[in-house]
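First up is the structure itself, then whatever we jot down about it.
The values are calculated or read from the model by the stated rules, or taken from the named source; none is laboratory data. None of these values were measured; they are calculated from a predicted model. Virtual Cβ from ideal backbone geometry, glycine too; neighbours counted across all protein chains shown. The protein model used for the area step is the full one, side chains on, heavy atoms only, and it has no ligands, DNA or RNA in it. Shrake-Rupley method; radii C 1.70, N 1.55, O 1.52, S 1.80 Å.
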Amino acid sequence: MMRAGQRRSSWIGSRMAWAAWTAGVLGMLGATAHADIITIVPVADTTIYEESDELSNGAGPHFFAGRTASGINRRALLRFDFSAFPAGTIVHSATLVLEMDRTNAGPEPIVVHRLLNAWGEAGSIAPGGGGGGGDAQPGDATWLHRVFPDVFWSAAGADFAPTPSASTPVDGVGTYFWSGLGLASDIQYWIDSPAQNHGWILVGNESDQPTAKRFASRQNQEPALRPYLQIDVTFPPGSTGACCIPVLGCVTTTAGLCAQQGGLFQGNGTNCSPDPCPEFTGACCLPNGSCTETTPSACAAANGSYAGDLTSCVTTSCAQPLTPFVDALPIPPIAQPTTGVPGGAAHYDIPMRELFAQLHRDLPPTRVWGYSSSVLGPTIEARRGQTVTVTWQNDLRVFETGQYRTTHPLPVDTCLHGPDVNGEVPFTVVHLHGGHVPANSDGHPDDAFPPGTSSPLYTYPNNQPAATLWYHDHSLGLTRLNVWMGLAGFYLIRDDAEDALNIPRGTNEIPLAIMDRSFNPDGSFFYPPSWHEHVFGDHILVNGKVWPYLHVKRGKYRFRVLNASNSRAYTLRLPGQPTFWQIASDGGLLPAPVPMTNLTLTPGERADIVIDFAPYAPGTELVLTNNAPSPFPAGGGGPLVSQVMKFIVGPDAGHTDPLPASLVPVPRIDESEALLEREFLLRKIPGHHCGQSDVWAINGLMWDDITEFPLLGSTEVWSWINRSGVTHPMHIHLVQFQVLDRQNFTVQGGQVVPVGDRFPPEPNEMGWKDTVQARPFQITRVIARFENYAGRFAYHCHILEHEDHEMMRQFEVCEPVAIVTPPTNTQACEGGTATLVAEVSGSSVQYLWFRDGFPLADGPTGTGSTILGATAYVLQISGAGPADAGFYYCLATNGCSNATSSAATLTVSGPCCDPDFNQDGNVDQDDIACLAQAVAGDPSCSDMDPDFNQDGNVDQDDIDALAQVVAGAPCP
Ligand code: C2O
Ligand code: CU
Ligand code: CU
């Protein structure tokens, strides 16, 4: 909910605003100093079809422009209403935005012209995909009629100005933009002469086929895909005022535009500061679990959680009333190794198990999954430089029957990538989040394995600074569900530098894993049945208990705080807002303690904080609270759950020493070290493989589209460009990075336009990070060294619902290819086998062999020989013949390089089976005797290969084979 001081200027009805109405996602499109940017949606749109005057698509969800495969044209008509723009409005620029969602054609221009005659849109709906048109109804425009069935165009196919107003090439599925002076001057003309506003026609390429493109219309089911027009205008003085709009709050605009948005206009000349708007009402969940509809302030006064303006109690489900702070905070157990010691080199065997756990005193036991039967997995204690190995076992069985699970306790969306192949079977794989580990131990999502199987040996070298890491499930398309069931745990690396600091440790050091969950009345976890873009629980668990309490001594504690939630961000604070200190970020200690009064953690992030309880009298109770809206930061998509846990201060003194002024050096990585900078656009794209719903994507690409190949050992800058209203916690596997800076941007004409200077990261972001808050409409740049381990790793948004719905991709750290040993000159006899080997170094190498410059393929060659290994490092030619002789070389490639070996000559001479063994010109008994002599070890009578039958052994068989050939049999 927006109040004065936070208003987003007068952008209304834009795609982002639609999202705000429908999904609680707010974005910003800033107004420039002198002008207002107004977004409006069409009031009419339809398609006219050349093949029949009785076809139209007035009320259908799409419109079309261009020529079909059978050579028939379609044109789209589109009209906006400018009556709300007062006379004297000056139009500076305009952009028409359309979503193209189906085509069989490549890039084709779509040209916009101004229509010269009025036309109608009635209720015709084209069935199916819409391409064939629907029966025109009275009032619809058609190819010959501007209003069917009585009023005709003067020309078939509509009357429009011959000069185009704008043109844009439209290629594949995506968002397209038309802008330029032509559009702006049409709009100016229509504002000045409203009777001339007949809108535009969209004409495709009608001199080729197929060229047709389908666009979402104003009737599209998905509001975010509907057409809109963004206009940069200056209103005449005195023609605007404050407008009170539900959800958005107060915006300054004209009376007409305000009315179009269902706002309450406060009068020309009024403004938004102070905010004149009355509070709207919405559903409010009270602490006792009941719901009432009231204003946000009344809700807050009643300690309720407000579900958003205009929400209703009918559609809001309020949290069951569980009494907070009745269960003690559990501390997860220390993992016990199979060999070695906790905190040192060790091997662990860790099963994933299903069990029932009491998550709150008053809740029936909940079916959960845990590592080693612990709701929050056991904490793995590791030491820098001492290797830990783990065999992860998927031992998930139905608790009641002991059978391996073939289904998931939570609803699986089998349309998603992963379950589309594996169905509901709970495949799992474990990722050590923040760990610098080899690719084959990273828990790659594609490495997931089913119940009853185990991972290969995972190796964690721990060659990185002391830090709070965590391990969790990472199964492709199931991560959000497997983690929701409980598959997460802490992994702590300690080192000498940390040990040397006088900071709270031992019982004064406590891990806090915060997650939100919802429950069904029987105590089971609730998770929505199909994929949702955010899922927020209405209870907060710390270390696996709902709203627990912790008795503390009067002194300092180090809390290792982890946001292990799927979607929820937290802004944590203590009552009275005392100062606490953050001493570590994701990847290790900060250079110095950072004083703070609140801490925002998005999913996946960690912060080690020190809270001092010494100033509080024994018996004082302090509730750790959260006030981060969901989704973060705009809110409107889920309940605010404000309580987290309670600290109860006891009588005893604790760790009272002051904190050290400095901790460990964190040398900044200089930007000049970067070999390259990559840009990642974060936004939704129209439905890709799961029906209609949009998918969150990175650069519009999918999991299997690998386009980042950092060179092993190199440094890169990755720049997250967040074109959405939600903060995405962007996580990169393998590395710990540093945050370089952030910069605001706006979107103009569909382009990202940076605004103002880059600004530095927050003080608590000046250490090592592996997950960064990429905030709405900002460019967030991080820098990382891609060292030590080549191979494929994931990077993704750590909102697990986004991660499972395509906001996850792979990069491949690449070691360039080098030829270690080229193939050598080889001889083969006719009918024999030749082997050529090219030994190379490099990661993920692919091979292709060439003979005399022509690439080879596996299989029979047509001249009698057979080739195997044409795309492997060993090439084998069997049944060699003269045609196989030539120059052979191998081309080795990978994502970042390629190398060609030098060529080796293959000569093919003489039949392999030459029975004239002693080479005296006759085939006779002498040859058998000579071979027998050679088999016995005396080769003096012949230079030929004594393995006559080519079976790899020199023995009596060879003599027998030769004897048969001498007697007249064919060669073996
Ligand atoms: Cu914590 Cu790839 O995840
Ligand atoms: Cu990770
Ligand atoms: Cu995200």
Query - Candidate set: the range 291-306, residues that are in a strand (DSSP E or B) and farther than 30 Å from residue 252 by Cβ; chosen: the one least open to solvent (accessible area, probe 1.4 Å) - result: 305
Report task. Inspect all residues belonging to the range 790-799 and state whether any of them is open to solvent by 20 Å² or more (accessible area, probe 1.4 Å), within 16 Å of ligand 3 (Cβ to nearest atom), closer than 30 Å to residue 596 by Cα and out of contact with any Phe, Trp or Tyr (no Cβ under 6 Å at 6 or more places or on another chain). Result -> no
Report summary line: Flagged in the range 255-290 as in contact with a Phe, Trp or Tyr (Cβ under 6 Å, 6 or more places away or on another chain) and either β-branched (Val, Ile, Thr) or part of a helix (DSSP H, G or I) (or both), in numbering order, are 255, 258
Query - Candidates 736, 748, filtered to the one that is open to solvent by 30 Å² or more (accessible area, probe 1.4 Å) and within 13 Å of ligand 2 (Cβ to nearest atom) - result: 736
Report summary line: Scanning the range 719-738 for residues that are assigned to a strand (DSSP E or B) and more than 15 Å from ligand 3 (Cβ to nearest atom) gives 719, 737, 738
Report task. Considering only the range 417-523, give the helices (runs of 4 or more DSSP H) lying wholly within it that have at least 1 residues that are closer than 30 Å to residue 625 by Cβ and more than 14 Å from ligand 1 (Cβ to nearest atom). Result -> 479-484, 496-499
**Report entry** Within the range 179-245, strands (runs of 3 or more DSSP E) holding 2 or more residues that are within 21 Å of residue 165 (Cβ to Cβ) and within 39 Å of the chain's Cα centre (by Cα)
**Finding:** 200-203, 213-216, 228-234
Query - Out of 443, 477, sole residue that is more than 16 Å from ligand 3 (Cβ to nearest atom), at positive phi and either open to solvent by 10 Å² or more (accessible area, probe 1.4 Å) or not polar (S, T, N, Q) (or both) - result: 443
Query raised in the report: Are any of the residues in the range 771-780 within 16 Å of ligand 1 (Cβ to nearest atom), farther than 26 Å from residue 537 by Cα and crowded, with 21+ Cβ neighbours inside 10 Å?
Result: no
Query raised in the report: Just for strands (runs of 3 or more DSSP E) wholly inside the range 787-891: which have at least 3 residues that are within 16 Å of ligand 2 (Cβ to nearest atom)?
Result: 791-797, 808-813
Query raised in the report: If we keep just the residues of the range 794-821 that are more than 15 Å from ligand 1 (Cβ to nearest atom) and hydrophobic (A, V, I, L, M, F, W, C), which is farthest from residue 873 (Cα to Cα)?
Result: 813
Query raised in the report: Can you find even one residue in the range 215-228 that is buried (at least 20 other Cβ atoms within 10 Å of the Cβ), of a type in the set (Phe, Trp, Tyr), closer than 21 Å to residue 91 by Cα and modelled with pLDDT of 95 or more?
Result: no
Query raised in the report: Given the conditions (1) over 13 Å from residue 586 (Cβ atoms); (2) more than 16 Å from ligand 3 (Cβ to nearest atom); (3) not in a strand (DSSP E or B), and given that residue 783 satisfies all but one, which numbered condition is not satisfied?
Result: (3)
Requested in this report: Find all pairs meeting these conditions: Cβ atoms under 7 angstrom apart; at least six residues apart or on different chains; first residue within the range 792-806 and among the small types (Gly, Ala, Ser); second residue buried (at least 24 other Cβ atoms within 10 Å of the Cβ).
Outcome: 794/445; 794/733; 794/808
Query raised in the report: Within the set of pairs 6 or more residues apart or between chains, which connect a residue that is more than 23 Å from residue 601 (Cβ to Cβ) inside the range 712-729 to a residue that is within 15 Å of ligand 3 (Cβ to nearest atom) and in a strand (DSSP E or B) with Cβ atoms less than 8 Å apart?
Result: 723/681; 723/682; 723/683
Report summary line: Exactly one of 741, 694, 757 is more than 14 Å from ligand 3 (Cβ to nearest atom), touching a residue at least 24 places away in the same chain (Cβ under 8 Å) and not aliphatic (A, V, I, L, M), and that residue is 741
Report task. Go through 877, 928 for me and flag whichever is in contact with a Phe, Trp or Tyr (Cβ under 8 Å, 6 or more places away or on another chain) and either under 30 Å from residue 813 (Cα atoms) or touching a residue at least 12 places away in the same chain (Cβ under 8 Å) (or both). Result -> 928
Requested in this report: Give the range 412-436 a look and list any residue that's under 30 Å from residue 467 (Cα atoms) and either more than 16 Å from ligand 2 (Cβ to nearest atom) or open to solvent by less than 10 Å² (accessible area, probe 1.4 Å) (or both), or say none.
Outcome: 427, 428, 429, 430, 431, 432, 433, 434, 435
